[in-house]
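Some notes on the structure that comes next.
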Amino acid sequence: MTEAKIACRNLWKLYGADPAGFLRRHGGNPSIETIRAEGYVPAVRDVSFEVMPGEILVVMGLSGSGKSTLLRCLARLIEPTSGEVMFEGRDILAASERELIELRRHKMGMVFQHFALLPHRTVLDNVAFPLQVRGTDRQKREARAREVIELVGLKGREAYYPRELSGGQQQRVGIARSLAVGPDVWFLDEPFSALDPLIRREMQDEFLRLQKMLNKTIVFITHDFDEAIRVADRIAIMKDGVVEQLGTAEELVTCPATPYVAEFTRNVSHDRLLSVRSIMAPASARAPDAAAVQVEALLASVARQVLSSERPVDVVDDGGALVGTLSRDSLIDALYGKEQCA
Amino acid sequence: MNAATLTRATEMEPQKPLASLAKPLLVVLPFLILLLAASLLPAWAVQVPKGWTIPFVDWANTLIGHMRDDAIFGLFSFRDLTRAIAELITWPLAFVEGLLVSGFPKIGLAAMPWVMTAGLSGVLGCYLKDWRLGLLSAGCVAYMAIFGKWELSMITLSVVLVAAPIAGLIGFGIGILAVKKQWFEALIVPLLNVLQSLPHFSYLIPIAVFIGVGHKAGTIATVIFAIPPMARLTILGLKGVAEEVREAGKMAGCTRFQTLWMVEIPSARQPLLVGVNQVIMQCLAMVVIASFVGARGLGHDLLFRLQALKIGQALESGVAIVLMAITLDQLSRAAAYKEPSRREDDATFLQRYPFLGASALVVVVSLLLASITPYAQAWPADLALSTAPFWDALVDWVTVTFYEPLQYVRNAMLLYVLIPVRDLFQSIPWTAMVALVAAAGWSLGGLRLALTVSGFVLFIAFAGYWERSLITAYMVTVAVLICILVGLPIGIWASRSERRTSIVKLLCDTFQTFPSFIYLIPVIMLFKVGDVAAISAIIIYAMIPIVRYTIFGLRNVPSEIVEAGITSGCTRRQLLWNIRMPLAFPEIMLGINQTIMFALFMVIIAAFIGTKDIGQEIFKALTFNDAGKGLVLGLCVAFMGLTADQLITAWATRRKQRLGLA
């Protein structure tokens, strides 16, 4: 088994007069009512998860759900009240300031919601900034910065100042800056929320293209469920500082763990999310039809075929072996009716 | 969420008319009772008995005397130390003065030719903004040369050029420390509040004691006076840096020092440069007033002529100061709002740095010119134009033509407004005043605020200058009321259209750059000396903020709400009184707050034209070098300002929160 790139265990972050003492007094696990009753603000409550190398974990929640605080605890921009954050097996909360700086200079990159570019620096200098602070000489850092700027498609804009760029372009600079040091781990804090819907879509594609090339370990924060579905390997849904459910998009939609998650996923168009596997019926061993569908195909891509067929359509795996059948009724149920959990 | 909306809803619910009156009534009631029953009260509750005076002045003088004479650090006394520090400032001062006007006779080097100074100012203006600013600054310098104000103006400019960077750097350092160390901020911010409300003269007295009088002392006073605004704007600027930007710095792996130096300070560039603008303007204002302790230059010239009641000549100096103020303000403002813009990679050196090239050209050409004709080196005195005859004629004409009506206005003002109000104020028992302030503090901000503000008033009462303070209070009150009566309609009128707004704002900006001392010239011309003249000066000066804030408040009412009013069928009048005014009112109150502060500054300066208030006492303290008295009186003035400031700010903040504007 490969080791998790980032992991957190029983992570807590409370705001108030004496959060650490308060947590200790309540055995490290107070209820939300106790927290609120004593005047503390819960930001992150007892969160544990692991992110595997090359995985995209999306943390999703509405504003005030604690998702940004959680991310900042992972990057230790905010000190957690208690719990553990492991980075490549090392406890990041025990790291000294010096070690932390080294870690950020080599292993972490972060993209911010409002871009957080330095207004007095050109695009080139903004992107080269992380290299500059770690002491790379001018020639090397500018060469590297030009490389990354080209990667994000901003070649030719090196001499511009941030205010001379559009929002989408500014975020490209933010992305380039976060990639300049070649980090292993990439934190993205609502990177596209401040952009127009059309640009947002374009940037999501751009992000996926980059990730295909770079294969970073990613923690991605968003409040937009559609965005989460588009980019995530796994999604964690947060509410009041707690992770309500963590799983693939398909799991969240088909088996919501709490009413809150169900509420969230209710309006998601299932046909672009669910695969044939999730709703097919088992079949006895026999040779499949010639007109069989792939088991991993999304419902949207097979809907016409299944709905126009009088009888259930056969489902086959990659090897062409029959694994089940899909009937018109079960497809309609899945798309429009109430779906049942397995 | 529900609970929050619920409390909010109850708060917003219209109160019954009686209930809404009850609270203000409760605040005023004890005051009214004590005021009306003044004749029934025991004497001690009306006038502060002599025996009750706390000898703050003596304490302060003992402390200052101890520091001056006895505090010894090894080989030298405290005064030696302050004088040594003062000595340090003479070097840069001599250098800049030598460069601008007096030359360096020891090494046989002449000062910069005036054409060079004018040319370089012009290039600077072009670089910072456009050719118009270039023309303004070059023209201003040329004016000084041609109209015979060259030496005086360049001396004043030297003080500003030396004092502003020093004050700026010290203020900047204090600001950084305050942002980084919480205990220091807790210490320094209240101190800054007091320092910024101390009248100008209060800075001069300790300087006179510890450093002496003279040009040097004036420069030091200027430096000290200009530190607080820079410190405050540094704090504001650095705190205003978006948290995300700071985090971006940290995530890039910045050390603490790198975060401060490469991320926070450059990101706060604009507020910091606005701070520099403030410092420059404060320096100019102070260097004019510092002529009272012997600073040379235009201010000294003005003071001298005002004392001799040579109004025409005083106006001439005043115009030079005003020109300089406008130019310095425009230049430093342009620097603050200048944005970096991209350069093409293949630009030549001259294309990259056109203004450096232009400056070099100016230097060469003007040196050449100066070697050809002496006119380019220094404008000959016998060719200097004087505008004094013109001003003199104007003053004569005004006095002759308007003598009757002016006398009438003056007498009417005195008889029907000033004297009755003054008598009323002087009949207010001190206990009533304390009760009023404490009750207001209580209702606006609870016990803490009540204690703070009544502490301020008690200090004034027991410092032994209660009657004088009441005179100051009466003058400020009358002036502020007139400012509101006149300024509010002007603000409302100006907010009606984009065009009017920009015109009035320009006027406000311009008038605000004038050193306050300037405002004494026209009022002396119109009303001679006395209370009417003083109050007129205060009114002109203190009008600026109320107009400015009224415009700002009215124009910043969210346009959606205004549109909602329009679609509900409001007439313009209804729109103003039902929508714009209530929403802009907190902002307008902050304007009134500023107006009170401005009025307090001016009322003290107006002591120069013979008022009988606390300012006159400060003036006397300055004459007799009585530092303790000057300090205590200065604090009395500061506390008056702070009392109003604390109460109004508390009210406005609460009101804004209720309206959901903050």
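From the alpha carbon centroid of the stretch A:22-97 to that of the stretch B:591-624 is 58 Å.
Among B:Ile518, B:Ile146, what is the fewest-to-most ranking by other Cβ atoms within 10 Å?
Sorted ascending by nearby Cβ count, the order is B:Ile146, B:Ile518.
With the highest mean first, a sort of the peptides A:164-171, A:60-67, A:87-94 on other beta-carbon atoms found within 10 angstrom per residue produces A:60-67, A:164-171, A:87-94. Normalised size of the stretch A:270-336, defined as Cα radius of gyration per 2.2 N^0.38 Å with N residues, equals 0.98. Considering only alpha-carbon pairs that sit under 8 angstrom and 6 or more positions apart, the relative contact order computed for chain A is 17 percent.
Tell me, A:Leu252, B:Leu136, B:Leu369, A:Leu198 in order of fewest to most beta-carbon neighbours within 10 Å?
With the fewest neighbours first, A:Leu252, B:Leu136, B:Leu369, A:Leu198 line up as A:Leu198, B:Leu369, B:Leu136, A:Leu252.
Under 5 Å between amide hydrogens, built in the peptide plane, is the criterion, and for A:Glu244 it picks out A:Ile237, A:Met238, A:Lys239 among residues at least 5 positions away or on other chains. Taking amide hydrogens as placed 1.01 Å from N in the peptide plane, the amide H of B:Phe104 sits under 5 Å from those of B:Leu109, B:Ala110, B:Ala111, each at least 5 positions away in sequence or on another chain. Over the stretch A:270-336, what is the relative contact order in percent, taking alpha-carbon pairs closer than 8 angstrom and at least six residues apart? Relative contact order here is 39 percent. A straight line joining the Cα centroids of the stretch B:348-395 and the stretch B:70-127 runs 22 Å.
Looking only at Cα atoms, what is the convex hull volume of the protein assembly as shown per residue, in Å³?
It is 249 Å³ per residue.
Phi angles across the stretch B:36-43 convert, under the Karplus curve 6.51 cos²θ - 1.76 cosθ + 1.60 with θ = phi - 60°, into 3J(HN,Hα) values of 6, 8, 3, 5, 8, 6, x, 4 Hz, Gly and Pro given as x.
What per residue convex hull volume, in Å³, comes out for chain A when only alpha-carbon positions are used?
Considering the Cα atoms of chain A, their hull volume per residue is 179 Å³.
For chain B, calculate the relative contact order in percent as a whole number, restricting contacts to Cα pairs under 8 Å that are 6 or more residues apart.
Working: 891 pairs, mean separation 128.1, N = 662.
Answer for chain B is 19 percent.
Close amide H pairs (under 5 Å, H built 1.01 Å from N) link A:Ser48 with A:Asn10, A:Leu11, residues at least 5 positions away or on another chain. Between the stretch A:128-177 and the stretch B:631-648, the alpha-carbon centres lie 52 Å apart. Bridging of B:Lys180 to aspartates and glutamates at a Cα separation below 14 Å is possible for B:Glu264, once same-chain residues fewer than 8 apart are set aside.
Each residue of the stretch B:410-419 was assigned a 3J(HN,Hα) from its phi angle through the Karplus expression (A = 6.51, B = -1.76, C = 1.60, θ = phi - 60°), giving 4, 5, 4, 4, 5, 5, 9, 10, 5, 5 Hz with x at Gly and Pro. Here B:Cys636, B:Cys126 are placed in order of increasing Cβ neighbour count within 10 Å, fewest first, which gives B:Cys126, B:Cys636.
Spin-label pair B:Trp261-A:Asp289: with each label point 7 Å from Cα along the Cα-Cβ axis, the two points sit 7.4 nm from one another. The helix-based estimate of mean residue ellipticity at 222 nm for the protein assembly as shown, built from -39,500 (n - 2.57) per DSSP H run of four or more residues and divided by its residue count, is -20000 deg cm²/dmol to the nearest 500.
For the stretch A:270-336, the Cβ-based charge dipole about the Cα centre amounts to some 80 debye (Lys, Arg positive; Asp, Glu negative; other atoms uncharged).
Overall, the protein assembly as shown carries a charge dipole of about 1660 debye about its Cα centre when +1 sits on the Cβ of Lys and Arg and -1 on the Cβ of Asp and Glu, all other atoms neutral. Taking only the C-alpha atoms of chain B, Rg followed by Dmax gives 27.1, 88 Å. Within 10 Å of the Cβ of each residue in A:100-107, the mean number of Cβ atoms contributed by other protein chains is 3.
Computed from backbone phi, the HN-Hα couplings of the stretch A:181-191 come to 7, x, x, 7, 10, 10, 9, 10, 9, 6, x Hz, rounded to whole numbers (Karplus: 6.51 cos²θ - 1.76 cosθ + 1.60, θ = phi - 60°; Gly and Pro given as x). Modelled this way, with points 7 Å down the Cα-to-C-beta line, the labels at A:Asp233 and B:Glu560 are 4.1 nm from one another.
About the centre of its Cα atoms, the stretch B:338-414 shows a dipole size close to 240 debye [charges on the beta carbon of Lys, Arg (+1) and Asp, Glu (-1) only; nearest 20 debye].
All of the numbers you see were taken from the coordinates with simple rules; none came from a lab. Because the structure is a prediction, the values reported are computed rather than measured. Don't worry about glycine lacking a Cβ; one is built from the backbone with ideal geometry, like all the others, and counts go over all protein chains shown.
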